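Since the structure comes first, as structure tokens, the remarks are kept for the end.
Computed from the coordinates by the stated procedures, all read-outs in this text should not be read as laboratory data. The structure displayed is predicted, hence computed values, not measured ones. We place every Cβ from the backbone using ideal geometry, glycine too, and count neighbours over all the protein chains shown.
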Ligand SMILES: Nc1ncnc2c1ncn2[C@@H]1O[C@H](COP(=O)(O)OP(=O)(O)OP(=O)(O)O)[C@@H](O)[C@H]1O
């Protein structure tokens, strides 16, 4: 399956050598050294190519239109993030008709060779070092919470916050994967975004999730209370947290009913 999709991508990306990074539900992700427009043989930069393949079970016309609108939606969201100064990869180029986004590669290799997603980093610490609750982990979780706070202060919703969709870069944490992103000023939508992350942390980092989640919320609160965005931000934080409690309650009821 993947081989066929990689072959399809090779046809679209002629003369571009790449390695496969991941195959998710929506897209294949490749890493390349090649810049789409200029000869960069001399520089050390890497790029990520995200490719949404055709879905054979969809009518071709509908498939084309879905791929086009999702790719454009993701690219626009990334442009807005850059404009708002929220850390995320910069878009280099897009071929939206073929579902391709070429973007800056961010992050670095962890000592075990894996990409520096928050998940891989926390797992590495959990398994290898016994330093899961260090001051550094607390600082990074607070920074991630602050980043998400900034996202929400700009009325932008990620839609799929997990520890895999946060990459630790030398310049600080950054968000990736905006395939489910949207725009909303509603506390409910922001609370659901936070709840998705809380659930993801609970399932992916079960032993330390309560500490991680409380540090993430601490950073989220800091973004709302340090006055860098607006004076009203504090009030909106209180509304979001109230909503988050409702969302958690609904989540618990749903899991009790099954
Ligand atoms: N700009 C980037 N820089 C570095 N690594 C990246 C970048 N974008 C994606 N990746 C890597 O590729 C993986 C998958 O990317 P992404 O989440 O965008 O794809 P996806 O198909 O939507 O994934 P999924 O369906 O699993 O959520 C990430 O977890 C990360 O390891």
Normalised convex hull volume, segment 107-258, alpha-carbon set, Å³ per residue: 115 Å³
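Extension gain residue 128-residue 226, at 0.36 nm per residue separation less the Cα-Cα distance, in nm? Intermediate values should be presented prior to the final figure.
Working: separation 98, 0.36 × 98 = 35.28 nm, distance 3.56 nm.
Computed gain between residue 128 and residue 226 is 31.7 nm.
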Highest mean packing first, using Cβ neighbours within 10 angstrom, the peptides 167-179, 201-213, 60-72 sort as 167-179, 201-213, 60-72
Compute the semi-axes of the equivalent ellipsoid of the chain, taking the square root of 5 times each eigenvalue of the Cα gyration tensor, and list them largest first in whole Å. 32, 22, 19
Which value in nm describes the separation of the simple spin-label points at residue 245 and residue 83, placed 7 Å from the Cα toward the beta carbon? 3.7 nm
Which value at 222 nm does the chain reach when only helices count, each DSSP H run of 4 or more adding -39,500 (n - 2.57), with the total divided by all residues and rounded to the nearest 500 deg cm²/dmol? -16000 deg cm²/dmol
Taking one equal scatterer on every alpha-carbon of segment 165-227, how large is log10 of I(q)/I(0) by Debye at q = 0.25, 0.29 1/Å? -1.38, -1.32
Any idea what the alpha-carbon Rg over 2.2 N^0.38 Å comes to for segment 2-104? 1.09
